[in-house]
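S.K.: Can you read through this structure? Questions will come right after.
The values are calculated or read from the model by the stated rules, or taken from the named source; none is laboratory data. A quick note: this is a predicted structure, and the numbers were derived from the prediction, not measured. All Cβ positions, even for glycine, are placed from backbone atoms using ideal geometry, and neighbour counts span all protein chains on display.
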Amino acid sequence: MDSSLTSIRGDAPTFSGLATQAKTVARDLDMLGYPAANWPSQVTAPDGTPVADVLVVGAGMNGIAASASLLFKGIRNIRIFDRNPAGREGPWLTFARMDTLRSPKTLPGPALGIPSLTFRAWYEAAFGTDAWEALYKIPNATWVEYLAWLQRTLRLPIEHEASVRRITPLAGLLRVEIETPQGERTLFARRVVLATGRGGAGGDHIPDFVDRNLWPDLAAHTNEPIDFGALRGKRIGILGGGASAWDNAATALEHGAGHVDMYVRRPVLPQINKGRGSASPGYFYGWSALKDTERWSLFAYLNDAQAPPPHETVHRALRQQGFNIHLGTSVRTVERRGRKVVIHLSGAGALREHDFLIIGTGFHVNAGAIPELGDWSSSVARWRDRYVPPEELQRPGLGDFPYLGPGFELMERTPGQAPELSQIHLLNHGAALSHGAIASDIPGVNVAAERLATAIAASLFREDIAPIRQDLEAFNELELEGTPFLAR
């Protein structure tokens, strides 16, 4: 167990409790027969190298759950790659600048239905039941420690500081180019899972009216590294009124920024989080079974409603001196003027000057811009390729979401032109329109992992049925050995 746990709460973890918990997990897995014996056929690449059955990109929450579910089902020839150092996976210690997770502490986490793998079981083992009862919400660093414990406990084969740069088809396989500190290398896989987080299906959303020449010294997106210490005493402008915008406003002021102005188009902040209202098993299991008309209508409704920033985040910013929010304010253009950022607002003479700009406008989803696919991404089917909504439900941008199959697999825009796309599974926010919010938020992570692993298992079984049938026919363990009924 890492000693860094001490710094999370200020008290030391119970190492004996964690050791006991590890034994409990091992016993639970053994009683369930996890992981099952490996059963897919061995495949060799055109260059003679072994082929991974599944290559998972990303070792955060979804990557852990997907990988464990695959292993449990006997798909053990997997590789997992994460671009971050060990213990830095996911957004929680980088651009997720809230103090705690948004979700309630009672959610099980990526435990795959096994009580001893839940966040609560780990936390109580580390700090005791009294600490659990006293816990309000989960601190970011605590969540990362829990995920690291899952990685170790499940013995996931993760390679850190390895970035997947490009995926291309070759001879019915997927050729994967990977960059590491030791250099570049190429691997082959039968399936690839992109568990690449909220920005993994199109990247950061930066409004067209923002001058790109502001980077790198005068602007940053909330999902980029920001040196808040360098902003001490400065006047900061923030575009957007969502959770990340509020998080960055509070962080800047806590680090000594002189003044923060937040510009929000809406005259009133959203009041009700409809996402919480749809966080139930019915939505998790049933969304993907709806007709396209129903999925689109429901997603458009949730998209229109938007989610309010968490009340803890709002209070955190309001406690700071120098915070000012401008509701009902439209920004026309943002440009560089010397060493300043100039924001032009709608209305005569409306002009604001800042020392730095933070863009808090969220993520962009575009099936044609999945970074690991490069130009191949243009062959991915989008919702606009499969469904045309009625005029009253047309929403700019929603048509760019990838149109996914039942196992999160990509589909080709034109049948027959890119069939290998179905061997790539998109387990990130880009799946939301096709499958609901089970691949981007904690409540549905276990449902998503099970659905994906089941689909991959079925597809590999279909692919390998000939050698699997041969193995079945060659199976010759005698059942009646030692009885008078053994055939001669």
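S.K.: Scan (1) in a helix (DSSP H, G or I); (2) more than 24 Å from the chain's Cα centre (by Cα); (3) under 30 Å from TRP383 (Cβ atoms); (4) not hydrophobic (A, V, I, L, M, F, W, C) for the single condition GLY286 breaks and write down its number.
M.R.: (2)
S.K.: Tell me which residues, restricted to region 105-153, are free of Cβ contacts under 8 Å to residues at least 60 places away in the same chain, in contact with a strand residue (DSSP E or B) (Cβ under 9 Å, 6 or more places away or on another chain) and buried (at least 21 other Cβ atoms within 10 Å of the Cβ).
M.R.: Passing the criteria: ILE138, TRP143.
S.K.: Moving on. For residues that are among the polar types (S, T, N, Q) and more than 17 Å from ASN77 (Cα to Cα), scanning just region 435-477, find the one that is surrounded by the fewest Cβ atoms within 10 Å (Cβ to Cβ).
M.R.: Residue satisfying both the conditions and the ranking: ASN476.
S.K.: OK, next. If you scan region 356-374, which residues turn out to be of a type in the set (A, V, I, L, M, F, W, C) and closer than 17 Å to GLY58 by Cβ?
M.R.: PHE363, VAL365, ILE370, LEU373
Residue-wise test of (1) buried (at least 18 other Cβ atoms within 10 Å of the Cβ); (2) on the phi > 0 side of the Ramachandran plot.
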site	(1), (2)
ARG155	no, yes
GLU159	no, no
ARG166	no, no
GLY172	no, yes
ARG185	no, no
GLY200	yes, no
ASP211	no, no
TRP215	no, no
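S.K.: Condition first: assigned to a helix (DSSP H, G or I), under 22 Å from LEU70 (Cα atoms), of a type in the set (Gly, Ala, Ser) and touching a residue at least 12 places away in the same chain (Cβ under 8 Å). Can you find one or more residues in region 418-428 that meet it?
M.R.: yes
S.K.: Restricting attention to region 188-197, does a residue exist that is of a type in the set (Gly, Ala, Ser), buried (at least 17 other Cβ atoms within 10 Å of the Cβ) and closer than 30 Å to ARG265 by Cβ?
M.R.: Yes: region 188-197 contains one or more residues that are of a type in the set (Gly, Ala, Ser), buried (at least 17 other Cβ atoms within 10 Å of the Cβ) and closer than 30 Å to ARG265 by Cβ.
S.K.: Give me the residue from region 430-483 that is under 22 Å from the mean Cα position of the chain (by Cα) and outside any helix (DSSP H, G or I) and, out of that set, nearest to GLY197 (Cα to Cα).
M.R.: Among those residues, the one meeting the criterion is SER440.
S.K.: Checking THR44 against (1) at pLDDT 95 or above; (2) closer than 15 Å to GLY197 by Cβ; (3) surrounded by fewer than 17 Cβ atoms within 10 Å (Cβ to Cβ), which test does it fail?
M.R.: Going through (1) at pLDDT 95 or above; (2) closer than 15 Å to GLY197 by Cβ; (3) surrounded by fewer than 17 Cβ atoms within 10 Å (Cβ to Cβ) one by one, THR44 breaks only (2).
S.K.: Sticking with this one: Applying the selection to region 369-395, what residues are closer than 28 Å to VAL331 by Cα and under 23 Å from the mean Cα position of the chain (by Cα)?
M.R.: Matches in region 369-395: ALA369 only.
S.K.: Here is a follow-up. Would you point out the residue of region 311-368, among those that are touching a Phe, Trp or Tyr at 6+ places or on another chain (Cβ under 9 Å) and basic (Lys, Arg), that is farthest from PRO267 (Cα to Cα)?
M.R.: The qualifying residue farthest from PRO267 (Cα to Cα) is ARG316.
S.K.: For region 338-357, how many residues meet the condition of being over 19 Å from ALA252 (Cα atoms), in a loop (DSSP other than H, G, I, E, B) and in contact with a strand residue (DSSP E or B) (Cβ under 6 Å, 6 or more places away or on another chain)?
M.R.: Counting residues in region 338-357 that are over 19 Å from ALA252 (Cα atoms), in a loop (DSSP other than H, G, I, E, B) and in contact with a strand residue (DSSP E or B) (Cβ under 6 Å, 6 or more places away or on another chain) gives 1.
S.K.: Across region 55-93, what is the total count of residues that are of a type in the set (Val, Ile, Thr) and within 14 Å of the chain's Cα centre (by Cα)?
M.R.: Residues that pass the stated criteria total 3.
S.K.: I'd like the residue in region 287-332 that is of a type in the set (A, V, I, L, M) and within 10 Å of TRP246 (Cβ to Cβ) and, out of all such residues, is surrounded by the most Cβ atoms within 10 Å (Cβ to Cβ).
M.R.: Selected residue: ALA317.
S.K.: Scan region 170-177 and tell me whether some residue there is basic (Lys, Arg) and either part of a strand (DSSP E or B) or without any contact (Cβ under 8 Å) to a residue 40 or more places away in the chain (or both).
M.R.: Checking region 170-177: at least one residue is basic (Lys, Arg) and either part of a strand (DSSP E or B) or without any contact (Cβ under 8 Å) to a residue 40 or more places away in the chain (or both).
S.K.: Of the residues LEU112, LEU107, LEU55, LEU70, which is aliphatic (A, V, I, L, M), at pLDDT below 95 and not assigned by TED's automatic domain parsing to the domain that holds HIS315?
M.R.: LEU107
S.K.: Another one. Could you give me the residue pairs with C-beta distances under 9 Å whose first residue belongs to region 383-399 and is in contact (Cβ under 8 Å) with a residue 60 or more places away in the chain and part of a loop (DSSP other than H, G, I, E, B), whose second residue is surrounded by 12 or more Cβ atoms within 10 Å (Cβ to Cβ) and among the small types (Gly, Ala, Ser) wherever it lies, and which are 6+ apart or on separate chains?
M.R.: TYR387/GLY399; PRO389/SER297; PRO389/ALA300; PRO389/GLY399; ARG395/ALA300
S.K.: When you look at GLY229, is it surrounded by 23 or more Cβ atoms within 10 Å (Cβ to Cβ) and either closer than 19 Å to ILE359 by Cβ or not aromatic (Phe, Trp, Tyr) (or both), yes or no?
M.R.: When the stated conditions are applied, GLY229 does not pass them.
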